[in-house]
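The values are calculated or read from the model by the stated rules, or taken from the named source; none is laboratory data. Keep in mind it's a predicted model, so treat the numbers as computed, not measured. Cβ: placed from backbone, ideal geometry, glycine included. Neighbour counts: every protein chain shown.
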């Protein structure tokens, strides 16, 4: 795959969480296939409020590194309340983060989703994988 920004070959890095990232060693951008960013950041969706932020998206001249048919990336806000812009493929819905955007994204995620929301989703995921989640009652002393 080729970097959508500088055209260099992307290098694959396997993460322990069953996610493989494609990273440009030249410009330091990162490609996430659909769902990988949400999985890595432990959030529900790659883009939290896609319908809202997609209204303000605009096309770029960058080709999607995953799609081989000339599909273009569109630039959009990651979150409606923050100014972080990410690039998303209109076809495969993968995401491109430019250098240092992952750091910004992690800060945005930390500010937009509560611990309770993350915990509830983690418990639901554990249950979906066939493990039992036992609720404990608070014991009065």
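Descriptive notes on the structure:
- Of all residues in segment 68-89 being outside any loop (DSSP other than H, G, I, E, B) and out of contact with any helix residue (DSSP H, G or I) (no Cβ under 7 Å at 6 or more places or on another chain), the one that is nearest to residue 109 (Cα to Cα): 85
- Subset of segment 86-107 [free of Cβ contacts under 8 Å to residues at least 24 places away in the same chain and surrounded by 23 or more Cβ atoms within 10 Å (Cβ to Cβ)]: none
- Within segment 51-68, considering residues that are within 22 Å of residue 19 (Cα to Cα) and without any contact (Cβ under 8 Å) to a residue 60 or more places away in the chain, the one surrounded by the fewest Cβ atoms within 10 Å (Cβ to Cβ): 68
- The residues of segment 32-61 that are assigned to a strand (DSSP E or B) and under 9 Å from the mean Cα position of the chain (by Cα) amount to a single one, 32.
- Here residue 65 passes the criteria (1) within 23 Å of residue 1 (Cβ to Cβ); (2) modelled with pLDDT under 95; (3) assigned to a loop (DSSP other than H, G, I, E, B) except the one numbered (2).
- Hits in segment 22-31 - residues which are outside any strand (DSSP E or B) and either without any contact (Cβ under 8 Å) to a residue 60 or more places away in the chain or buried (at least 16 other Cβ atoms within 10 Å of the Cβ) (or both): 25, 26, 28, 29
- Residue that is surrounded by the fewest Cβ atoms within 10 Å (Cβ to Cβ) [pool: residues in segment 1-19 that are free of Cβ contacts under 8 Å to residues at least 12 places away in the same chain and over 16 Å from residue 63 (Cα atoms)]: 16
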